[in-house]
Amino acid sequence: MRIIAGSRKGHRISAPRGRDTRPTSDRVRENVFNILGGVEEADVLDLFAGSGAMGLEALSRGAARAVFVERDADAVRTIERNLDKLRLSARVLRQDALTALAAEAGAGRKYDLVLVDPPYDVYSELEARLARYLPAVVADDGVVVVETDARIRPQLPLEERTSRTYGAARITVYG
């Protein structure tokens with residue numbers, strides 16, 4: 001995997017070993033950021049961060065700050081190594097993504113870009129809790145990007161901008 005654009009364009013990044021993490025492909029990341037347009041000075045929340053590829057891409061493209069949330073210890077170490085390698089700084093929380101989302105909502109924190117990429121097989125179980133907390137953390141002009149299995153059509157209480165499939169993945173953009 002590599003960073004597609006921005007100040008760290010072309011730099012390679014690592015993914016955690018094993019099958020527990022499914023990094024968003026370069027092609028899908030490129031298309032997501034083409035849909036989003038500029039992310040300069042954005043505050044980013046990357047839930048179910050895995051390798052951190054989406055949040056790292058946002059930082060490379062000029063996002064001001066990022067918070068990566070991932071419960072898997074190996075994935076957290078991979079995010080930290082990728083940040084070090086790219087000479088980027090961000091907050092990395094080793095925590096359940098829904099617990100962190102609820103805490104961020106409770107604290108009144110707002111984000112310009114929220115990235116949601118849970119394991120495909122559990123999205124349906126998580127959707128009600130995501131629907132409860134996501135609207136509270138999205139800034140007024142903020143955007144939420146949800147990656148799911150291509151067969152799943154997320155139903156969140158946000159204004160859907162677009163939903164597109166890329167192979168086995170569906171990207172739904174709200175905002």
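Subtracting the Cα-Cα distance of His11 and Arg65 from their residue separation scaled by 0.36 nm leaves 17.5 nm. Evaluating 6.51 cos²θ - 1.76 cosθ + 1.60 at θ = phi - 60° for every residue in segment 50-62, the Karplus couplings come out as x, 7, x, 4, 5, x, 5, 4, 4, 5, 4, 8, x Hz, glycine and proline recorded as x.
GNM on the chain, alpha-carbon springs under 10 angstrom: the most fluctuating residue among Thr165, Thr24, Thr148 is Thr165. DSSP assigns beta bridges within the chain; of those with both partners inside it, close to 40 percent run antiparallel.
Considering Cα pairs under 8 angstrom that are at least six residues apart, work out the relative contact order of the chain and quote it in whole percent.
For the chain, the relative contact order is 18 percent.
If one computes P(r) from the Cα atoms of the chain, what percent of pairs lie at distances over 25 Å? Above the 25 Å cut-off, the chain has 23 percent of its Cα pairs. GNM remark for the chain: springs join alpha carbons under 10 Å apart, and the peak mean-square fluctuation among Asp72, Asp121, Asp43 falls on Asp121. Sparsely packed loop sites in segment 13-78 (the GluC sites (Glu not before Pro) outside DSSP H, G, I, E and B with at most 15 other Cβ atoms within 10 Å) comprise Glu40, Glu41. Near Ala169, the amide H atoms lying under 5 Å from its own belong to Ala150; only residues 5 or more places off or on other chains count, and H is placed 1.01 Å from N.
Loop-resident GluC sites (Glu not before Pro) (DSSP state other than H, G, I, E or B) in segment 141-175 with no more than 10 further Cβ atoms inside 10 Å of their Cβ: Glu159. Across Phe68, Phe33, Phe48, mean-square fluctuation computed from a Gaussian network of the chain (C-alpha pairs under 10 Å connected) peaks at Phe33.
Within segment 14-96, the trypsin sites (Lys or Arg not before Pro) that combine a DSSP coil assignment with at most 13 other C-beta atoms in a 10 angstrom radius are Arg17, Arg19, Arg87. Positive contributions from Lys and Arg (+1) and negative ones from Asp and Glu (-1), summed over other residues with Cβ under 10 Å from the Cβ of Met54, come out at -3. For the chain, the 222 nm mean residue ellipticity estimated from helices alone, with every DSSP H stretch of n ≥ 4 adding -39500 (n - 2.57) and the total spread over all residues, rounds to -10000 deg cm²/dmol. Of the residues Val143, Val69, the one with the fewest other Cβ atoms within 10 Å heads the list, and the complete ranking is Val143, Val69.
No value in this document is a laboratory result; all are computed from the given coordinates. As the structure is a prediction and not an experimental result, all values here were calculated from the model. Positions of Cβ are backbone-derived with ideal geometry, glycine not excepted, and every protein chain shown enters the neighbour counts.
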